[in-house]
Amino acid sequence: MSLLEVNDLRVSFARRNTWFRSRAADFVAVDGVSLAVAPDEIVGLVGESGSGKTTVARAIVGLVQPVSGTVLLDGVPLGPVGRRTTAQQRAAQMVFQDPRSSLSPRMTVAAIINEAWRTHPESAPPGDRTAALHRLLDDVGLDASVARHRAGELSGGQCQRVSIARALAVRPRLLVCDEAVSALDVSVQAQILRLLVDLRERHHLAMLFISHDLGVVHQIADRIAVMRRGVVVEEGRTTDVLGAPRHEYTRSLLDAALELSTTDAQDRSR
Ligand SMILES: Nc1ncnc2c1ncn2[C@@H]1O[C@H](COP(=O)(O)OP(=O)(O)O)[C@@H](O)[C@H]1O
Ligand SMILES: [Mg+2]
C-alpha cells in the first residue's frame with residue numbers, strides 16, 4: 001500500500017476583482033493531480049515555475065484547502081485544513097526552499113528544535129533533551145556546538161540541515177521537500193541530496209521531492225511525475241522518464257536542462 005496517495009486533487013485561488021469585472025473566475029492552479037509515494041520511496045515532482053508543484057505540496061501538508069480530491073496517508077483520508085489530528089500533522093513534514101526565511105534568524109538552533117517538540121509534545125524525547133538534540137544534529141551532519149548558534153549566523157547549507165533536523169524532530173513518515181536545494185551552491189546541493197538519501201535509509205522516510213531542476217531530481221528520485229499547468233503529464237521510473245520521455249513537454253524540459261549544463265560547462269572552460 002502507498003504511504004501517501006493523492007487522488008484527483010484540485011486547488012484554485014480567487015482572482016482579484018478588477019474595475020471592469022467584479023467576479024472573475026477562480027484560477028485553477030492544480031487541476032486533478034493524482035500521485036502516490038510508497039514507504040521508503042523518493043518521488044520527484046518536476047515542472048517549470050508556476051506549474052503548481054508548491055500548491056500540491058501545501059495541500060498535502062494542510063497549508064491550503066483543496067476544492068476537491070483526497071489526500072490519504074497510510075490509506076486514511078486526511079481531514080480538511082485545520083481539522084487534522086496532531087498525528088496527521090506530524091506525519092508529513094515540509095522542508096522549504098529558502099531556509100533563511102523559513103527559520104527565524106534570531107532563534108538559536110536549540111530553540112528551533114525545542115519549539116518543534118513543544119508543538120508536538122508526544123514526539124519529544126522522554127529523557128535528556130540535550131542529548132536528544134545533539135543526536136538529532138549529528139543525524140543531519142551538524143556538530144553539537146551548532147545548537148547554541150542563531151539561525152542567522154549559519155551558512156545556507158547549515159540552515160537547510162537545521163530545517164531538516166526540525167522536520168525529523170517530530171518523527172515524520174514523509175518529507176515534502178519543496179525546492180529544498182534550489183537556493184544552494186551546486187557542491188552544497190550534492191551534500192544535502194546525499195544526506196536526504198542517507199536519512200531515507202536510516203529513518204525509513206518517504207519523500208516527495210519537488211524541484212524545477214531535472215538534474216537534481218535525476219540524482220535522487222526513484223520515480224518522477226512531470227507537472228505542467230496544474231496537470232501531471234507524465235509519470236514513471238526516473239530512468240524511463242528521463243531516458244525515454246513520452247511527453248513532448250518532458251522532452252522540452254530535458255532539452256532545456258541539457259542546454260543549461262552545456263552553457264555551464266562552456267562558462268567553466270572559459
Ligand atoms: N496563494 C495564492 N494565491 C493566488 N495564486 C496563487 C497562490 N499560490 C500560487 N498561486 C498561483 O498558482 C500557480 C502555481 O503556483 P505554484 O504552485 O507556486 O507553482 P510552482 O511551485 O510549480 O512554481 C501560479 O500561477 C501561482 O501564481
Ligand atoms: Mg514552487
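How are the alpha carbon pair distances in the chain distributed across 5 Å bins from zero to the largest one, expressed in percent?
1, 6, 12, 16, 18, 16, 13, 9, 6, 3, 1, 0, 0
Within a Cβ distance under 12 Å of Gln219, other residues only, what is the Lys/Arg minus Asp/Glu net charge?
On the way: positive: Arg194; negative: Asp213, Asp222.
Neighbourhood net charge equals -1.
Could you give each residue of the range 43-52 its phi-based ³J(HN,Hα) in whole Hz, using Karplus coefficients 6.51, -1.76, 1.60 with θ = phi - 60°, and x for Gly or Pro?
Residue by residue, the range 43-52 yields 10, x, 10, 10, x, 5, 4, x, 7, x Hz.
Rounded to the nearest 500, what is the chain's calculated 222 nm mean residue ellipticity when only DSSP H runs of at least 4 contribute -39500 (n - 2.57) each, over all residues?
-12000 deg cm²/dmol
With r as the distance between the Cβ atoms of Arg194 and Ala256 and R0 = 22 Å, compute the FRET efficiency 1/(1 + (r/R0)^6) and round to 0.05.
Details: r = 26 Å, r/R0 = 1.16.
Efficiency at R0 = 22 Å is approximately 0.30.
Could you give the length gained by full extension between Val186 and Ser101, i.e. 0.36 nm per residue of separation minus their alpha carbon distance, to one decimal place?
28.6 nm
Which helices, taking whole DSSP H runs in the chain, have alpha carbons extending 18 angstrom or more along the helix axis plus mean Kyte-Doolittle at least -0.5? Please list the in-between numbers first.
Working: long enough: 156-169 (20 Å, 0.20); 186-203 (25 Å, 0.14); 248-269 (32 Å, -0.69).
The qualifying helices are 156-169, 186-203.
Give the whole-number value, in cubic angstrom per residue, of the convex hull volume spanned by the C-alpha atoms of the range 181-270. Walk me through the numbers on the way to the answer.
Details: hull volume 10.3 nm³, N = 90.
Given the Cα convex hull of the range 181-270, per-residue volume reads 114 Å³.
Work out, step by step, the length gained on full extension between Ala25 and Thr130: first 0.36 nm times the residue separation, then minus their alpha carbon distance; give nm to one decimal. Walk me through the numbers on the way to the answer.
Details: separation 105, 0.36 × 105 = 37.80 nm, distance 5.28 nm.
In short, 32.5 nm is gained.
Could you calculate the FRET efficiency of Arg246 with Asn7 from 1/(1 + (r/R0)^6), where r is the beta carbon distance between them and R0 is 35 Å, rounded to 0.05?
For Arg246 and Asn7, the calculated efficiency is 0.95.
Here, each number is a calculation from the coordinates, and none is a lab measurement. Keep in mind the model is a prediction, meaning the values are calculated, not measured. Positions of Cβ are generated from backbone atoms using ideal geometry, with glycine treated the same way; all protein chains shown enter the neighbour counts.
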